[in-house]
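Input: a single structure, listed below in C-alpha cells.
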Amino acid sequence: MAHETQKAIARQSLLLKSLPEQHVDTLLSHAIWRQYDRGETIFLQEEEAKAVHVVLAGWVKLFRMSPTGAEAVVSVFTRGESFGEAVALRNVPYPVSAEAVSPCEVMHIPSPVLLSLMREDPQIGISILAATFTHLHSLVAQLEQLKAQTGAQRVAEFLLNLCECQAGECDVELPYDKMLIAGRLGMKPESLSRAFSRLKSVGVKINRNHAEIADIKGLRDYAESDPSEK
C-alpha cells in the first residue's frame with residue numbers, strides 16, 4: 001500500500017496532474033510501487049513494455065547499448081517525471097534500458113489500466129500525448145545543445161538547472177556520478193574534466209560531488225554567450 005506522501009508526489013507528475021480526480025484515484029489504486037537500489041535494473045532494452053513509470057524519488061537513467069557494447073545515455077529522470085508512455089500503450093518492446101542511478105522509488109502504472117481509461121475518457125489520451133511531447137521537446141533541446149554549445153557551456157547549463165535560486169552564490173550537489181553526467185551531456189569523462197576546469201574562470205569550483213557557484217548570473221551569461229567566442 002502506497003503512503004499518502006508517495007501518492008501526493010505522483011499526483012503532481014506531468015502525467016497525472018491534468019487528469020480528472022476520479023481517473024487519478026483509479027490509476028493510483030492499480031499502480032505498483034517499487035523501491036530500487038543504485039545500479040538496479042528497472043527494465044531492459046527489447047523487453048516487452050507493460051507499464052508507464054513515474055519517478056517518486058531519486059534518479060533513473062534511460063540508455064541504449066550499441067552492438068559494440070558502448071552505452072549511450074538517452075535521458076535521466078527524477079522526482080515527478082514519467083517515462084515509457086508511448087511504447088507501453090503500443091505494446092512494443094522498450095527501445096532503451098532503465099536503471100536506478102541512485103536509490104529511488106518508482107510507481108508503475110500497468111498499460112491495460114491506462115488503455116481502459118482512455119477508451120472511457122479521451123482526456124487520458126491528451127494527458128499522455130502531453131507527456132510524450134515533453135520528452136520529445138527535451139530530446140530536441142539536447143540535440144540543440146550538442147550542435148550549438150561548447151562542452152563547457154553544456155556543463156554550465158546543467159549546473160544552472162540544479163540551482164534553486166536565480167542570483168548570487170549557490171552550492172549545488174551533483175545528483176549522480178561524473179561518468180553519467182558526461183554521458184548525459186554527450187561528452188567523454190576527460191572532456192567533462194576539461195569543461196569543469198574552464199568554468200573556474202566564471203566562478204565555478206568543483207569539490208567532489210558539489211559545485212560551488214560564485215555568481216549564477218555570470219554563469220548564465222557564459223552558458224548563453226556565442227560559442228565562437230569561447
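Nothing in this text is a laboratory measurement; each read-out follows from the coordinates by a stated rule. In this text the structure is predicted, and so the values were computed from the model without any measurement. In this analysis, Cβ positions are derived from the backbone assuming ideal geometry, glycine residues included, and neighbour counts consider all displayed protein chains.
Amide H contacts under 5 Å for V101: G39, W59, V60, K61, restricted to partners 5 or more places along the chain or on a different chain, H placed in the peptide plane at 1.01 Å from N.
One compactness figure for the chain is 1.10, namely its Cα radius of gyration divided by 2.2 N^0.38 Å. Couplings 3J(HN,Hα) for the range 76-93, derived from phi with the Karplus relation 6.51 cos²θ - 1.76 cosθ + 1.60 (θ = phi - 60°), are 9, 10, 9, 3, x, 9, 10, 7, x, 4, 4, 6, 5, 7, 9, 6, 10, x Hz, where x marks Gly and Pro. In order along the range 110-121, the Karplus-derived 3J(HN,Hα) couplings, from 6.51 cos²θ - 1.76 cosθ + 1.60 at θ = phi - 60°, round to x, 4, x, 5, 5, 4, 5, 5, 4, 5, 7, 9 Hz, and Gly and Pro are given as x.
Give K17/K147; K178/K205; K17/K178; K50/K188 a once-over and call out the pairs whose C-alpha atoms are over 25 Å from each other. Pairs exceeding 25 Å: K17/K147; K17/K178; K50/K188. Across the chain, C-alpha contacts under 8 Å between residues 6 or more apart give a mean separation that, scaled by the residue count, equals a relative contact order of 19 percent. Here's how it looks for V52: its modeled amide H is under 5 Å from those of I109, S111, which are all 5 or more places away or on a different chain. Using R0 = 30 Å, the C-beta based FRET efficiency linking N161 and E190 works out to 0.85.
Taking Cα atoms of the range 1-136, Rg/Rh with Kirkwood Rh, to two decimals? Ratio of gyration radius to Kirkwood radius for the range 1-136: 0.96. Across the range 206-218, coupling constants 3J(HN,Hα) worked out from phi with the 6.51/-1.76/1.60 Karplus curve, θ = phi - 60°, read 9, 10, 6, 9, 10, 10, 9, 9, 6, 8, 4, 4, x Hz, and Gly and Pro carry x. Could you give the angle, 0 to 90 degrees to the nearest 10, between helix 21-30's Cα long axis and the longest principal axis of the Cα atoms of the chain? It is inclined by approximately 90 degrees. Grouping the Cα pair distances of the range 1-47 into 10 Å bins from zero gives a pair-distance distribution of 21, 44, 30, 5 percent in increasing distance order.
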